[in-house]
Structure formats: structure tokens, C-alpha cells
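The values are calculated or read from the model by the stated rules, or taken from the named source; none is laboratory data. Predicted, not measured: the structure shown is a model, and the values here were computed from it. Positions of Cβ are backbone-derived with ideal geometry, glycine not excepted, and every protein chain shown enters the neighbour counts.
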Amino acid sequence: MGLGAERCRGRAISPSSLAADSDWGVGGFPSRPGLGSEKAGVGMATYLVRRVLQLIPTLFVISLLLFGLLAMKPGDPIDEMRRGNPGFTQADYDRLREFYGLDRPWYVQYWRWLGRVVHGDFGTSRQFGRPAADYVFKYRFPNTVLLSGLSLLLSFSVAVPAGVLSALRQRGFVDYTITVVSFVGVSIPIFWMGIMLIYIFAVQFRGFLPAGGLATPGVTGTWPILGDRLRHLLLPVLALSSLQVAQWTRFMRSSMLETIQLDFVVTARSKGLSERRVIFKHALRNAILPLITLMGLNVPALFSGAILTETVFNWPGMGRAIYDAILVNDFNVAMVSLMFISLLVLLFNLLTDIAYALVDPRIRYG
Amino acid sequence: MTDTTRTRSKQAEVENDLQTRPGESQWRYAWRSFRRHRLAMAAGVVLVILILGAIFAPWLTPYDFARQNRSNMFGSPSLRVAANAQTIDKCARPQVLWWRCGAHPFGTDDLGRDILTRVLHGGRVSLLVGFSAAFISTLLGSLIGAIAGYWGRAVDAFASRLIEIMLSIPQLPLLLILVALLANPGVRFGAMLTGALGDSKNIVIIIVVIILLSWMSTARLVRGQIIALRERDFVEAARAIGASRMRIVFRHLLPNVTSVIIVQATLMTGEAILIESGLSFLGLGIQPPAVSWGNMLSRAQGFLYYPNGVYTALFPGLFILLTVLCVNFVGDGLRDALDPRYHGRA
Amino acid sequence: MRYRMSVVVLGIVLAAGLAVLGSSGSNSLVIGASQEPSNLCPWEGAADTKENLMGIFNIGLTYIDSSGVLQPGLATEIPTESNGRLVVISDATGQVIRQQVVWTIREDAYWSDGVPITSDDAIFTFQVQNTQEMMVTTRAFSNLVEEIVKVDDKTFRITYGTPNLFYSSVGGSIGLARFYDIAPKHIWGPIYDQVMAQIAAKPENASTIIEGQFLGAPSSTGTGAVVGSGAFEFVEWQINQFIRFARRADFFLVPPGPASNYLQEITVRYIVAQPTLLSGIMAGEIEACDDISLAGMDPAILRAQLGSQAVVEVTASGFIEKLNFNLFPSCQVAADLLLGDKRTRQAIIQAIDREDLARTVYPGATVSNSFLVDGDIGFDAALNPWPYNLTAARTLLADLGWADSDGDGTLERTVDGRVIEFRLHWVATTADFRIRTGEILQEMLADVGIKLEVENLPGSVVFSSEYLNHGSECTWRGIVEYAEAGGVGQAPADPLSNELWANDLLEVPVDAELENTPLPENSFGGTNIMGWVSVEFDQLRADALREFDPDKRSAIVKLMQQLYNEELPTVPLYDRSEIVVKMAGLVNYTKGTAAARTQFWNAWEWGWAQNGAAAVR
């Protein structure tokens, strides 16, 4: 959960220390990688193969753990049916339990699940009666991608200029303001911000912006549809980005500060290049790299972690789907989503490790 | 001038420097450095006020946080006592300093309870969860990190693998599952907890779950530090005289890492407070009738359209923001003061 | 420069979006609802709140209108003894042993794709319902059917092996758990045959096959041909977003005046969060809501917010919120509190100001004193109202031996040297109004010295059978609060106080088992989770369910209520009100009474007054 400053260069476990759940993660700001020195005797390609192979047992362990935890929770959709149907008898209950295989111990259920998954069948959602993978990836995943993607874009476009500005005007009024605003952004509870936004824009200014939802049905024509979607997206993206903008601004700032003081910048300056060229051509390009690493690590968390925003704004995304599935014990939906995100986390960690290694010549996985 | 002196004087220029005084301990220096950070100092003062307010909450207000007054639901915030107030018999005491029974500075909530009182009481829970979860999680993480870092080899490999797996599992859903599981009386463990802990079961569960999911970052941090430190001379020396591994870790290595640990603990507090309020907001955290900032917000969602309903949402959230903000400022100030790597970055 | 451009573009697009608002266009209606159905499979119904919208594109053999009167739907007429369609066969002792009902489907009844509705459809529906491998929700009513026989293309005869009081009610004839009785054979027949063939080939995979191919069939998930018998036809379903319907020209029930004056298109939008739903209504995006989505809101607040823009209608729901007590002697904690003694329960009901409670947490609700609601057959309005009376409550508790000996505000009593404090455990779900109820009850009961220990758990926990049905093992050890429909009404889904009977004396020969009370002996099955056993009540219930004469049945039901009102195995709090919001000008969109069961029972009559629709309700 935390954001530590512990990225050890040269020794690649995984830089996932910088990852955070988008809605929750705070703990201040991630910081620049420290300097460490570790050497092992393995080459790059071998490392890669090793990491990819390690994915499989890791995923296996994760799936076992998650399934076991989920299975331990009593309650299932059949009990929901019982409540809604006063004519429901005990015989019906027993029959349905047997039908869904819920009367077997959890490890048997896990084995059957695993068997099906290996064949690509992720089971049917008990809530919605359709294939779980289908439901999650066709109806929930795109919404989360939309929300998180836009928020990522927005955060990046705001954080980079703000961070650079802050670094260049260090200790000035601008820096001070941006710093304080960043701190506020990191400390604000996202669900509260969402509620306040709804209050201001949907309640106070009646209907100016919708208080949630994906879109208004029945809208036709490209421009109206686009406009409608944007209206619905505005507040959730704003709420979701607040934390990220704050974090990335500060990160960009410290990254920029560090880069400016590095030797090659001094060299460029002493060569007589204009300040502007120095900043934008040399310093910025190097300073932005760690931020991109950070972004890469944040991406998987965006998928599962936006649940608070999705709850407040009634956004039918993946985070909320997981939450609902957990509460009513819809194993199939919960498992397919959770495994997908775990896979994403592992993949992105690997990718950013590789990218960082390729880009930064000082790191050797040797 | 040599390179090092040039860099150092440049740094001094840049920082408007704080030179170490001769014979000064690391802590004194850190304190002086912290004091120069005006924002952090101010935040520290505010934090202390909040903590005191939370501790003394039962005596600071004329109201009992649970006492309902259904004839005055959704009252507007005002410092004056309303003319038709029949609240005298609903108060715990008639007056505290300027605050008369009948006056509601933050208004009243959906059952007529004073919001300011509830915010203060909510702070007790939120701050308790925040500080204890952060503290214990940092301790646990430091221990594991130190042992992994110093022992190396198999132990390190195992710990690192464990950390990686824990970090790969989607943190938030895991949190939800664990809380839903442990708080569930139908599960054997949950029932045991209810029996043992009674009313405070939820608080303990949340603290435990937050610890379980946040020790990893501290562990990696400390591990990195230990690895960097373990080849140093003083460690060599200790080994040479035959000190046991545990002794080296505890007496020699960890004390050098305390500054990092302190910073980590402070920053973790803010996180823990946000996690607790988020959980309570989703309905899995502190349960009513106990009051926490998060569950006040959860209730408030449905009342945005009621007249004065927004105040039930505004104030708890504001206080969460204020507390976490102060904690973050203090943490940042501490990081500047204690961690030599961050000098000049402020 | 580029930055400014993008701002301008954004502004234009936003403006375009804003301009779209307020254009409702054709004769259409957007309804907001909070609970979406899982699927559209005719045999699997999860909860009737989710299935509400089935009434838009389906209709049963009969339906109940907003005045509570049973009307023929697909049937030509309602079978009664006088028109010869109902034949009751008794044996020598007068015991009803068989019941035959003859139905005739209307000539002008067609499926939405033009195929006529025939008795083959009815027989097929029953066949599927009875197939053992099928995962139908309940067979409680279809099990009463001995056989269904085709008389001709439009007529069929149902034979019941035991008296079925609800033979003509919604869902009572064939026994589907939904608002209609007949499913299309020409659509589901092939699906069914294919599924059964696959099961025959691989019986061990039965559940997977049915889950995937039957419940997951395109006709069930909305991606294939969804065919119904009702006023509108299914158009599309965007899951988690909305379902759309279009008017059928060939529906046999017509409103006065040209059909073009009435709604041509209906969209049901799914919005889970109440504030979002409300803001949609206020923005004009949502023009009406269903009966359960705004539950718990204050109608006065709604009226203040909406003004003359919309009409707020409050109806009774038929669901009574009540406190169920743990009456099992085997649960020591509950037994210590003397919950089994009716005086305790009478004390508690008088210690709670139910008017105040209802007014605060569920504005618009009416206090209830029975397990039936107004409109149900035999509803007794003259029962003891148990008014708020702290003195009487305290006296009763003192009579039982409780006293506050140590002055801490909580009552104690001593038994065999043990000191027992009156700490009463209370459980309910985490719904907002129940959380508030818990806090209010806590305060009210503290006034008589009862310390209420409040615990709100998620619905999936509270209603899980491991929890609710194990009261005898003290999983819940005092009170569990929830709402249930108890009315006998005219619909079998509320079969006469489903949770108050212990022994079903309707079977012949009568067995001595308490089959409805969850105990180790019957594997904790049953709905009488309190463990209340009253032989007198069981006998009255059996008599009522065998009595076909409405007046006589009414008299018996009145006796049941008087017994209930005196014994109070559950303390009824209030009849939950339902709040329906509809834009000014929307006519005939009304439920009227709880007996109608769904807001969507009369979609063919809905319309906008400004488009010429006539108000007939």
C-alpha cells in the first residue's frame, strides 16, 4: 500500500515499490531512486526468461489464496433468491446448492475452477447469468479503461508542466503554491471530493453536470453522444486524477531538480546553449523517465483501485464489479477480474524493469 | 578547489545552509532543521491540537455524541442557540466555555446529533487506527526488512518473493475480502474475535488488515538500507568481535535506520487514516453506532438533497483532509530534516 | 496556441452535449430503477424486485389492477365455480382431494413475434418447470400441480392434488416465480431440447450445461430473440445501463383513444445510487422511477425539491418491517432474557414509539400491527395498536423479575446465582434506514433499561442460511430485523404468513414434525426462523388454506391475526411505503395498492397527457 523510496538501482527485484492504488495510496510522495550498488552474475536474457517463468507459480499461488479467502466467506446468491421469493422452500435451496456445486469443500471447488480455467472457461457469473469473462471484459473493463485512461492522460498533462515549473521556480511563490496544492491533493479523500463535486455541480447548479452514470440513453448523433459522454466523465475523471496529479507533480519536480544539477546539464550550460534548450532538450527528457516508470507501475492499480470513485459516481467499472462480486460471493466474476489485475501488475512490473534497464545504462542486471 | 569542496559550497549556497555545530548529535541537528520548515511546524502544531481535541472529546462539548434529538434534525450550523430550542435535557452539560447547550457550530445530522461533537469523537477512532496501524506496520516491516537484508541468501529470497507476491495481489480487493471475512460472524475466526473482543472487534480487524497490507513498503525500504550498510566498517568490526547476527541487526544496524523508519511511520499514518475512512465509507469499516469520519461520510451520501444535508458530509471530510495534510507536511519536514539524501530537494 | 484550441474544442463539445438535454422527442418514457435482473429466462426468478420490469413485456393469465381487483389477462375469463371452470372434488369427509381448473387463452393473444399463444406453450412451460435438472427458483407451487392436459389449441386443464387457493392468482396457476405463467415454446423449445440432449450425453456436466446454455442462452441474456406476451416488445439490453422496449400494435388490451396517443417506447435505466437517480430526475433525464428505488427517502423533501415538475406518490408495499425474536429454548442467551415469554415482547413493543420511528426512518410508512396489510383478505383493522406506553412496558418487565439493582441504567435479574443483564442483540442489514433504526431503537429501549447491542451486517451475511437459520444455535441471539410480505392477498407469493407456521397440517396423514422451524432434525430448513410454535395458529392456517369461501376464510384469518397480535412472536414496526416519482403529465402510471405487486402492471395505458393520453386511473 505504501509508497516507499526504496528503489534499489542495479538490483532488480521489481520496482513495484512505487505502485499505489489510485484512490487510496498516499503516504506522501514517491521519491527518486536512491543509489545502491549490487551486482549479480546473470545476463539480461536469462533474467528475462527467469522472470517470465516466475509469473506462473506466482499467479498460481495468488489464485489459490484469493479463491480460498473468497470461499471462506459464507453467503451465496442462492440466499438472495430465498429472500426475494417467499415461496422458496428448503428443498429448493438444497437442490440449487447442489446444482451450483456449492455443497462441496472449497478445495474441490477450486480444483474444478482451475480445470475449467486451463481450458479458457472462466465460468458463468451467478449474478448475471452470462459468462464471467464476457461480462467483465465487454461491459466493465472498457468503462474503467475510459475513466482511468483519461485520468492518466489528464494527470500527465498537468503534472509535467506543473512539476517543471515548480522546479524551475524553486522556492518562489509559484513553487510554494504548487507544493501546497499538491499536498492537499494527496491528502484529500477521493470519495469526499466526489461527494462535494456532485453537491456543487449536480445539486447546487441543478443538472449542470450529471451526478453519475455512464451516459444518457437515447442520445443520437456523433457530437451529442460525445458531448454527453464527456459531461458524464468530467467529474469522475477530476476526482480520480486529483491524487495522481498531486503525486506526479511532486515527483516530476524532484526528478527535475535532481537532473538539473547533474553534470551533463552543467556541461550543456557551459557550452553556451540557451537555457530553454538545456531545459527542454536535455534535462526534461531525462527527468521524465522515472515519471514514466511510475506511471507504468500505477496502471494496473487503476483498474482495481478506482472503486471509491466508481461507487460515488455510479460508474459501472471493474473496481465496483469486483466489490459487488465479493459481497455476494460471485466467485467467477471476482476471480477472473482479480487474476487479470494480478497478471497486469506482474507484467507491468516486468515491463518497467526492462524499460528502465534498457534506458538507463547505469543499471546492469549482471 | 577540489570537486568535493566546490560541490559542498555550491550546496551550501543553494540551501542557505544549516551547518552542523561541533559536537551536535544527529537528533539535535534534525530538530533544528525541522524547525526551519515553517509549514511542517505549523502542521505539527495543528496536529497536536487535533490529537488533544480527540483525546479530550468527551469533555470538550456539551453534548453526548450518541444522544439523538429528533425534533432538530438537519439543523443549520450556527453559534447561537435557536429561540425554540428544547435541547436542555438532551445535553450532557449545560455549557463548556463559550459553547452553550443548544448551539450547534457545525449543525446537526440526520438524527439531530451535534456534528462537531461527532467529528471530535470520530477523530478518536480514526486517529487511533491511523497511528497504531502505521506504528505497528512500520515496526513489523522494519523487522522483516532488516532480517531479510542482513541474513541474505535464502531468507532474503523468501522474504523478497513474499513481498512481491503480496504486492502483486490487487491490494484493495484483498483488503475488502479480508475485512469482509474477519468481520463476518458466520466464519469461525470471526465468531472467535467477536467473543474475545466484543465491541472493539471492528477497530482491531481494520488495524490488523491495514498492517497486513502495508508492511511491505517499509520492509523493502529497510532492506535496502541494511544492504547498503552491512558492508560498512563498523559492522565488520562488530562481526570481528563475534557479535551474534541478531545483536548486530538490533544494536548496530537498525539504530542507523531509525530516521528512515520514523519518516515512513509518519507518512503511513496518513495512508492508514485514508484507508480506514474509505473502508468505513464502503460500509466495511467501523460500524454504527460507533462513529468514525468514514462512516459519517457514508451516511451523508444519501442526504445531499436534504436542506442542510451537505453539512453532514462537509465537516467529516474536511477533518480527514486537515489531519492527513498535517501528517504529510510533518512527514515531509521530517524527511528533510532526517534523511541526508533529501537535502536540497525541498 | 494548441492549448487554447483544445479548450475551445472541449467547450464546443460540452455545449453540444448540454444542448441535447431536454429534448425528449417522441412519445417515450425513461424509467429509473436500481435493481437490474440477472437474466430474462422465464423459469429463473431471483427476486421480484429485479423482475419487476417483466410486467412491461409479459402478462399472465390474470393480473391484479390498481384497485386490487383480479382481472383476466391472457385468459378469456377467470375460472370460478359458477362459470364451471373450477371444479373442486371432495371425498366423503369433506376434505378437498382434487381441484381442476380449466383455462382458455384469448383468441387474439399473440407473442411479440406474431406467433399465437396456445395451450402447447402452457404445457411446455410446465414441462420445463418440472424437469428435475432445471434450476428453477422454486417448485413450491408447481409441485401442487398433478398434471396439465390439453383440451384444444387454446384450452387446457390443470389438476391440483391438494387445494390451491391461489389457482387464479398471478403466478399461482402453473407456479412460475414470476408475474406471468406462460413462456414461448417456439423460442425455448429448441433451446430446451438441445440442452436436454447434451445433458443426456454427459449427465455429470448438467449444471454447467444449464448455466451456460440455458440460463446463458441468447434469449435469456438479451442478445438473441426475446419474445414476450405483453404490451411492449423487447428491443435491446445494454447490461448495467438500460433495457429498451417498443410498443406492440397487436396487444389485446387497449387504452381509450388512438394508441398513438400513448407511449411508443420505454427505456428502463439502471442507476444504483440514489443521489444519482435523484439528480437524473431533477435534470429531467429520468421521467419516472419504479416503486423501490427511492425507498427510504422523505416524500416531503422530494416534493420540495421537485416542485410542480413531478408528482410524488406514496403507496404501501405489502412488506412489513418487523423485529423477529429468537424464541429457541436451546439458545441460552435468548432464553435468559425470557424472550420466549410473550410479556417480554409486549413490553418491548410498548417501549418503542413506532410512530416516531416510522416517521424518522421511513417517512410515509404506516405503523403495522398485523402480519397482513390493508387490502389483504381478512385484514383486521381493529387489532390492539399497542400504543407507546413506557409505564406499561416497565410494569411488565418488573413483573418478569427485572430490576435495575446496581443503578447503571440496565435491568438485571438473578437466576440460580447468576446475574443476567438485559443486553439484547439486534441484527439487521447495512441499509441506511436500518442503521438509523438501530440507533433510534437503542435510545428508545435504553429508557426502559434494555441495552440494545446493535450489529449491522451485509445482506449476504444476514440472509445466509448459515446465519439466519441457526438461531437455535445462537448465531443471532436476540432480534433480527427485516421486512417480509405476509399478506395472503390474492397472490401465492405471500402465502399467509410464511414464517409464522411451524407444522404444515395440510398433508394427509398429518405428521408431528415441525418442518418449518430450522432445527438440527430437519437440517435447519424452513422459514420460521424464530422458532415460534403455536399449534392453534398452525391449525387456523391449515383451515384457512383449505377454505374456498372468501368470507369464511376472512373470518379465520381474522382469528389468526388476533392470536398473532396477542402473542407477538414478531413485533411489526411499519408497512414500508413505496415512493414513486413521475413527471407531471404522465398518466396511468400508478400501482395503487400493494396487491398489484408491480409498478409495471399496465404499461399499455401509460402516456403523456400532453400527447392526448386519457387518465383512466
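Structure notes:
- When C:PRO258 is tested against (1) modelled with pLDDT of 85 or more; (2) within 14 Å of chain A (Cβ to nearest Cβ), just one condition goes unmet, and that condition is (2).
- Subset of the range A:230-251 [touching an Asp or Glu at 6+ places or on another chain (Cβ under 8 Å) and more than 11 Å from A:LEU147 (Cβ to Cβ)]: A:LEU243
- Some residue of the range B:101-117 being outside any helix (DSSP H, G or I) and under 30 Å from B:ALA228 (Cβ atoms): no
- A:VAL312 meets all of the listed conditions (1) within 30 Å of A:ARG51 (Cβ to Cβ); (2) at the interface with another protein chain (Cβ under 10 Å from one of its Cβ atoms); (3) at pLDDT 80 or above but one, namely (1).
- Unique residue being surrounded by 14 or more Cβ atoms within 10 Å (Cβ to Cβ), within 20 Å of C:SER169 (Cα to Cα) and within 14 Å of chain A (Cβ to nearest Cβ) when the list is C:PHE141, C:PHE156: C:PHE141
- Filter result for C:ARG354 (more than 19 Å from C:THR315 (Cβ to Cβ), surrounded by 16 or more Cβ atoms within 10 Å (Cβ to Cβ), among the basic types (Lys, Arg) and within 14 Å of another protein chain (Cβ to nearest Cβ)): yes
- Single residue of the range C:254-271 satisfying the filter (part of a loop (DSSP other than H, G, I, E, B) and out of contact with any Asp or Glu (no Cβ under 8 Å at 6 or more places or on another chain)) that is nearest to C:ASP113 (Cα to Cα): C:GLN264
- Flag if C:GLY307 is buried (at least 23 other Cβ atoms within 10 Å of the Cβ) and of a type outside the set (A, V, I, L, M, F, W, C): no
- Search result, residues across the range A:321-336 that are in a helix (DSSP H, G or I) and either facing another protein chain (nearest Cβ under 8 Å) or free of Cβ contacts under 8 Å to residues at least 60 places away in the same chain (or both): A:ILE322, A:TYR323, A:ILE326, A:LEU327, A:ALA334
- Scanning the range A:106-127 for residues being out of contact with any Asp or Glu (no Cβ under 7 Å at 6 or more places or on another chain), at negative phi and not aromatic (Phe, Trp, Tyr) gives a total of 10.
- Among the residues of the range C:98-119, those that are surrounded by fewer than 16 Cβ atoms within 10 Å (Cβ to Cβ) and either touching a residue at least 60 places away in the same chain (Cβ under 8 Å) or hydroxyl-bearing (Ser, Thr, Tyr) (or both) comprise C:ARG98, C:ASP108, C:ASP113, C:GLY114, C:VAL115.
- Scanning the range B:296-333 for residues being modelled with pLDDT of 85 or more and out of contact with any Leu (no Cβ under 9 Å at 6 or more places or on another chain) gives a total of 13.
- Where a residue in the range A:45-58 is in contact (Cβ under 8 Å) with a residue 40 or more places away in the chain and its partner, wherever it lies, is in a helix (DSSP H, G or I) and among the small types (Gly, Ala, Ser), with Cβ under 9 Å and at least six apart: A:TYR47/A:ALA357; A:THR58/A:SER342; A:THR58/B:SER168
Every residue, every condition in (1) under 30 Å from C:GLY296 (Cα atoms); (2) in contact with a Ser or Thr (Cβ under 7 Å, 6 or more places away or on another chain), yes or no:
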{"residue": "C:PHE319", "(1), (2)": "yes, no"}
{"residue": "C:LEU338", "(1), (2)": "no, yes"}
{"residue": "C:ASP341", "(1), (2)": "no, no"}
{"residue": "C:ARG345", "(1), (2)": "yes, no"}
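- Matching residues, the range C:222-253, being at the interface with chain A (Cβ under 10 Å from one of its Cβ atoms), in a strand (DSSP E or B) and either over 24 Å from the mean Cα position of the chain (by Cα) or not hydrophobic (A, V, I, L, M, F, W, C) (or both): C:GLU236, C:GLN238, C:ARG244
Residues checked against (1) over 26 Å from C:ASP549 (Cβ atoms); (2) out of contact with any Leu (no Cβ under 7 Å at 6 or more places or on another chain); (3) assigned to a strand (DSSP E or B):
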residue	(1), (2), (3)
C:PHE126	yes, yes, no
C:GLN132	yes, yes, no
C:ARG139	yes, yes, no
C:VAL149	yes, yes, yes
C:GLY172	no, yes, no
C:PHE179	yes, yes, no
C:GLY189	yes, yes, no
C:GLN194	yes, yes, no
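- Selection status of B:ILE226, more than 10 Å from chain A (Cβ to nearest Cβ), closer than 30 Å to C:GLU466 by Cα and part of a helix (DSSP H, G or I): no
- Considering (1) under 30 Å from B:THR258 (Cα atoms); (2) of a type in the set (D, E, K, R); (3) within 14 Å of chain A (Cβ to nearest Cβ), the lone condition that B:ARG188 does not fulfil carries the number (1).
- Residues of the range B:200-236 satisfying the condition of being surrounded by fewer than 19 Cβ atoms within 10 Å (Cβ to Cβ) and in contact with a His (Cβ under 9 Å, 6 or more places away or on another chain): B:LEU229, B:PHE234
- On inspection, A:GLY129 passes the criterion of being in a loop (DSSP other than H, G, I, E, B), under 30 Å from C:SER207 (Cβ atoms), facing chain C (nearest Cβ under 8 Å) and not hydroxyl-bearing (Ser, Thr, Tyr).
- Residue match in the range C:196-207 (condition: farther than 22 Å from A:VAL136 by Cβ, more than 14 Å from chain A (Cβ to nearest Cβ), in contact (Cβ under 8 Å) with a residue 40 or more places away in the chain and not in a strand (DSSP E or B)): yes
- Matching residues in the range C:82-95 - criterion: being closer than 21 Å to C:PHE141 by Cβ and surrounded by fewer than 17 Cβ atoms within 10 Å (Cβ to Cβ): C:VAL87, C:VAL88, C:ILE89, C:GLN95
- Tallying residues that are part of a loop (DSSP other than H, G, I, E, B) and surrounded by 23 or more Cβ atoms within 10 Å (Cβ to Cβ) within the range C:53-74 yields 7.
- Between B:VAL129, B:VAL179, B:VAL204, B:VAL222, the distinction of being within 26 Å of the chain's Cα centre (by Cα) and closer than 19 Å to A:ILE326 by Cβ belongs to B:VAL179 only.
- Cβ-Cβ under 6 Å pairs, at least 6 apart or on other chains, the range C:302-326 side within 21 Å of C:ASP376 (Cβ to Cβ), far side surrounded by 19 or more Cβ atoms within 10 Å (Cβ to Cβ) and among the aromatic types (Phe, Trp, Tyr): C:GLU321/C:TYR574
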